[in-house]
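Just so it is clear, none of the values below were taken in a lab; they were calculated from the coordinates. Given the structure is predicted, the values throughout are model-derived calculations rather than measurements. Cβ placement follows ideal geometry from the backbone for every residue including glycine, while neighbour counts extend to all protein chains displayed.
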Amino acid sequence: MDAQLIFVILIIVTALLFDFTNGAHDAANSVATIVSTKVLTLKQALLFAAVFNFVAFMVFGTEVAKMVGSGLVDVNRVTPEVIFAGLLGAILWNLITLYLALPTSSSHALIGGYAGAAIAHAGFSVIITAGWIKTIAFIFIAPLLGFVLSYMFLILFSWLIYVMKSRPVAVTYWSKHLQLFSAGLYSLGHGSNDAQKTIGIITGLLFSAGYLTSFSIPFWVVMAAHTAMALGTLYGGKRIIKTMGQKIFKLRPLDGVCAEFASAISIFFATTLGIPVSTTHVITGAISGVGAAQRFSSVKWGVALRIIWAWFFTIPAAAIISFVLFSVGSRLF
């Protein structure tokens, strides 16, 4: 094997490592509500989510992968070194926030790192403005949609419970069973959007290194990315599950159902449009929505605000880290 092929293999392994950390960091959020409401144990829920994360490739296409790989940065001006520095920056930011138990966005860390390294290599002209406008818009649209939908779902369910005069015990019973379905949908949505981001990065790498003549996604890349994410999900971000499930708002099974349904719809909508979104942002907005529907003051807005600040810092922080890594690396090597 020549030196370039060895380097490309190293970057692919790094990309899959990022996918693994994405699974541990973000996919854990897909089971936060189902664990916090005690519908499943932590181990059961992580296995449940991992299965749905893996099979998501059977349901959705690769539009998000195309956006991440070639719609945000001019892939014709990217080198394997750029992608390597971008991945390292995203992984470092993920590890920092995982240690701090901050449910930030691995998705935004990835695109921020990719952009930062690309700018260090080719300047700001490498950025594709149209793709970034859509992506940045959904930073606000996705969690807001999750908030509004979960708020409406809880109001609707509460009205049905009142009309049917259901007993609290009966409501808890059917809510727990329904939550298995809603959590499965959310996990499917997570796998459909998040795994595609790594797929896009690896495909961009293969194209920039000359192993692909066009930006066409190989099936083995799809399988590798979904497998890495599923394994990361099994590992699980236990501290983040606690933050998402109880520190923002103490969830009941019915709250979990509403939050997960709302989040799944929001993510499916973005995935269909080919826009990478933060599944963490969406579920945070949805959890806040069900809390606000019951009593606005019951939501721990201080915790939510801390998470929001982390959202704003993620893209620039990952970009700066990757910019520095590429700049230093290009001088040393």
*asked:* To make sure I understand, if each residue's beta carbon is the centre and we count other beta carbons within 10 Å, what order do Tyr151, Tyr114 fall in, fewest to most?
replied: Tyr151, Tyr114
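As a check on your grasp of the helix formula, calculate [θ] at 222 nm for the chain: sum -39500 (n - 2.57) over DSSP H runs of n ≥ 4, divide by the residue count, round to the nearest 500.
-26000 deg cm²/dmol
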_Mean-square fluctuation check for the chain, GNM, Cα pairs under 10 Å: which of Ala85, Ala122, Ala195 is largest?_
Ala122
_Environment charge at Ile275 (Cβ cut-off 10 Å; Lys +1, Arg +1, Asp -1, Glu -1)_ = 0
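With the contact rule set at Cα under 8 Å and sequence spacing of 6 or more, what percent relative contact order holds for the chain?
With pairs under 8 Å counted, the relative contact order is 38 percent.
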*Using Rg/Rh (Cα atoms, Kirkwood Rh) as the read-out, say which of [x] 1.07; [y] 1.00; [z] 0.94 was calculated from these coordinates.*
[y]
*What shape does segment 123-201 take by its C-alpha gyration tensor, where a ≥ b ≥ c are the square roots of the eigenvalues and a/c under 1.5 counts as rounded, a/b above b/c as prolate, and the rest as oblate?*
oblate
*Rank the residues Lys197, Lys43 as a footprinting-exposure proxy: fewest other Cβ atoms within 10 Å of their Cβ go first.*
Lys43, Lys197
*Taking other Cβ within 10 Å of each residue's Cβ, how do Trp93, Trp132 sort, fewest first?*
Trp132, Trp93
*asked:* List the residues, sorted by chain then number, that are 5 or more residues from Val73 or on another chain and whose placed amide H is less than 5 Å from its amide H.
replied: Ile128
_Area projected by the alpha carbon convex hull of segment 83-153, averaged over all directions, nm²_ = 5.9
